[in-house]
Structure formats: structure tokens, C-alpha cells
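What follows is a single structure, written as C-alpha cells, with notes after it.
Read-outs: derived from the displayed coordinates by stated rules, not from any lab. This structure is a prediction, so every number in the text was calculated from the model and none was measured. Note that we place each Cβ from the backbone using ideal geometry, even for glycine, and neighbour counts take in every protein chain shown.
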Amino acid sequence: MTVNKRSKHSRMRGSYTHGWGAKKKHRGAGHRGGRGMAGTGKRADQKKPSIWKNEKYFGRFGFKTKGAAKEINPVNLSYFEDNADRLLSEKAIEKKGDVYEIDAAKLGFNKVLGCGMLTKKFRITSESFSKKSIERIKQAGGEAVQLKKNPGA
């Protein structure tokens, strides 16, 4: 049983090439055909299928920036005005008295924009609203309920 194996560089002292054959071999990135993704553009279409197999070849990978903006999925007031009865029949929203109660997050939206005029009363709950949307909801006799933003997130 060997206790300690001597490192290659100490055993190869005095050898001209340290076991890599000719002097030109094992010189650097040129021996590998380039660094990283280099060399794939030289050979036309016959090289592409071998690149496609590597899922990490295209696109950006690695670290995400800390202050990355959250993706906004907005909806206009006109959508609720036009589709209120359909959403009610699908049980996506509720109606209490003459007020339609809408949870925008349940429908997949996180911001309500003010495009469109309201004739019905809405009580809309969402993460964020535009100023105009809040005005128009209140003008129609409804209420805009903004969810508290989580300070830790």
C-alpha cells in the first residue's frame, strides 16, 4: 500500500516534455481548439447538431442580479368591464349585492391599469394599481384594495 504518491511534476524533473509527447503538445488553449465555445462557427451546418445537444450552449447562465425587476403582468379596467359576466359564470369572481369582487392575483394579474370606463361597481384586490385606475374605480363607486408589499422579499 502506497502512503503518499509523488506528484507528477516532481517525478518528471529532467524530462523535456513531462510526458506530453512533442513540445508543441499541451501548450494551452490552442491545443484544445480554443477557449470556451470557440471553434463552432468555422464548420458550417454539420457542426450544429452537436451544439444543439448541449442545452447550456445558447443563452445566459449563472448569477442573477439582486435588484432584478419583478415581472409585471398588467390588466386594464376595460377587461373587467367587458368580461365581468363571463368571469362570474366561470366562478372566477364573486358578486355581493351590486359589487363585483375581483382578486387580480387569482386571475394571474399583478397590476391594474386605468384604460377603459366603468359602468359597474368593482372591488378589486391587486398588488399594484395605476393612479388613473384607482380614480376610475372610485368614480364608479367601487374600491381598490392594494395588497401590502412584503418588506422581506
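As a footprinting exposure proxy, order ASP82, ASP98, ASP103 by other Cβ within 10 Å, with the fewest listed first.
Ordered by Cβ neighbours within 10 Å, fewest first: ASP98, ASP82, ASP103.
Which is the longest part of the chain that has none of the chymotrypsin sites (Phe, Trp or Tyr not before Pro) sitting in a DSSP loop with at most 10 other Cβ atoms within 10 Å?
64-153
For the chain, set up a GNM with springs between Cα atoms under 10 Å and report which of GLY114, GLY33, GLY14 has the largest fluctuation.
Judging by the Gaussian network model, the answer is GLY14.
For LYS53, give me every one of the aspartates and glutamates with a C-alpha distance below 18 angstrom, ignoring sequence neighbours fewer than eight places off in its own chain.
ASP45
Where a Cα-Cα gap under 29 Å defines reach, which lysines qualify for LYS121, not counting those fewer than 8 residues away within the same chain?
The qualifying lysines are LYS91, LYS95, LYS96, LYS106, LYS111, LYS131, LYS132, LYS138, LYS148, LYS149.
Counting pairs of alpha carbon atoms under 8 Å apart in space and at least six apart in sequence, what relative contact order in percent does region 74-146 give?
This gives 30 percent for region 74-146.
Which residues in region 66-102 place their backbone N less than 19 Å from a point set 7 Å from the Cα of GLU143 along the Cα-to-Cβ direction?
The answer is 93-102.
Which translational diffusion coefficient, to the nearest whole µm²/s, is obtained for region 74-146 from the Stokes-Einstein equation, given a Kirkwood hydrodynamic radius over C-alpha pairs, 37 °C and 0.692 mPa s?
Estimated via Stokes-Einstein, D reaches 280 µm²/s.
Can you match volume of the Cα convex hull per residue in Å³ to one of these, [x] 109; [y] 331; [z] 156, based on a calculation from the structure here?
[y]
Which of ASN73, ASN54, ASN110 ends up with the largest GNM mean-square fluctuation for the chain, with Cα atoms connected below 10 Å?
Looking only at ASN73, ASN54, ASN110, the biggest GNM fluctuation is shown by ASN54.
Please order ARG60, ARG35, ARG136 by the number of other Cβ within 10 Å, starting at the fewest.
ARG60, ARG35, ARG136
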